Amino acid sequence: KSCLSYHKDPTKRVHIPLITNTNTFLLVDKLAYHLTDDGSAYLVDTTKMHTAINASFVNRTHLVGVVDL
């Protein structure tokens, strides 16, 4: 079980969940999102306040890329 600090980044990020479960979320601008590990890529506006929450005992792994426009 873990939670990152509530912060914002200078650019957006692309998330590709590799290992996840139903008890993991990204909280972005006070809204919770569950990103599934079905091969999808998600553009996340991490210039807004956000955090990652893992409310399980299973590790969560995402491939994350910086979007630099």
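The values are calculated or read from the model by the stated rules, or taken from the named source; none is laboratory data. None of these values were measured; they are calculated from a predicted model. Neighbour counts run over all protein chains shown; Cβ positions are idealised from the backbone, glycine included. These accessible areas exclude ligands, DNA and RNA; they are computed on the full protein's heavy atoms, side chains included. Shrake-Rupley method; radii C 1.70, N 1.55, O 1.52, S 1.80 Å.
Descriptive notes on the structure:
- Residue count, the range 59-69 (criterion: open to solvent by less than 70 Å² (accessible area, probe 1.4 Å), under 14 Å from Ser2 (Cα atoms) and assigned to a loop (DSSP other than H, G, I, E, B)): 1
- Scanning the range 1-26 for residues that are of a type in the set (Ser, Thr, Tyr), surrounded by 11 or more Cβ atoms within 10 Å (Cβ to Cβ) and more than 24 Å from Asp68 (Cα to Cα) turns up Ser2, Thr20, Thr24.
- Count of the range 27-44 residues which are closer than 14 Å to Leu63 by Cα and either part of a strand (DSSP E or B) or open to solvent by 80 Å² or more (accessible area, probe 1.4 Å) (or both): 4
- Within the range 4-16, residues that are over 16 Å from Leu35 (Cβ atoms) have Cβ atoms under 9 Å from residues that are basic (Lys, Arg) in these pairs: Lys8/Lys48, counting only partners at least 6 apart in sequence or on another chain.
- Residue list for the range 28-37, restricted to those being in contact with a strand residue (DSSP E or B) (Cβ under 8 Å, 6 or more places away or on another chain) and farther than 11 Å from His15 by Cα: Val28, Asp29, Ala32, Tyr33, His34
- Which numbered condition Ser56 misses (of (1) open to solvent by less than 70 Å² (accessible area, probe 1.4 Å); (2) in contact with a strand residue (DSSP E or B) (Cβ under 7 Å, 6 or more places away or on another chain); (3) modelled with pLDDT of 95 or more; (4) in a loop (DSSP other than H, G, I, E, B)): (3)
- Residue within the range 18-36 that is of a type in the set (Gly, Ala, Ser) and modelled with pLDDT of 95 or more present: yes
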